[in-house]
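For reference, the structure is listed below as C-alpha cells.
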Amino acid sequence: QAFKLLGFLDVKSVPCSRESVLYGSVGSLVVGLGHFLATSRVRRSCDFAVGGFICTMLGYWFYCRYNLAQHRIRQRMLKEGMRNKILFEGSSLDPERKPTGNEGSNS
C-alpha cells in the first residue's frame, strides 16, 4: 500500500523521499523540543518545529538527490567504459595492448 504525502508524493516509489521525511521528522522534534526547553513557549515552539521539519526535509532531499545524480553519472561512465573495453579488447585500438613491433608490416 502506497503512502502519499500531501496527496501526491508517493513516499515509497520516489527516491530519497522516505529518508527525507524521516530526517525531517527527527529535525522537527529536535528543533521544537529545543526551542520549548529554551523558551517554554508552546505555540512558538510548534512553529519552529514545522520550520525545522521543512528545512531538514528539503536540505536532506537536495543532498540525497545530488548524491543520487552523482552515483548515476558514475554508473553510466562505468557502463560505457566496460562496453568500450569489451568492444576494443584485442584490437589495435586497445589501450592496454602492448605494441609488438610487427603490426605495421604485412610480410
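Each value in this text was obtained by applying a stated rule to the coordinates, not by laboratory testing. Given the structure is predicted, the values throughout are model-derived calculations rather than measurements. For neighbour counting, all protein chains shown are included, and Cβ atoms are generated from backbone atoms with ideal geometry for every residue, glycine included.
Using Cα-Cα distances under 8 Å and only pairs 6 or more residues apart, what relative contact order does the range 15-87 have, in percent? Here the relative contact order equals 36 percent. Each Lys or Arg adds one and each Asp or Glu takes one away; over the other residues whose Cβ falls under 12 Å from the Cβ of residue 96, this sums to +1.
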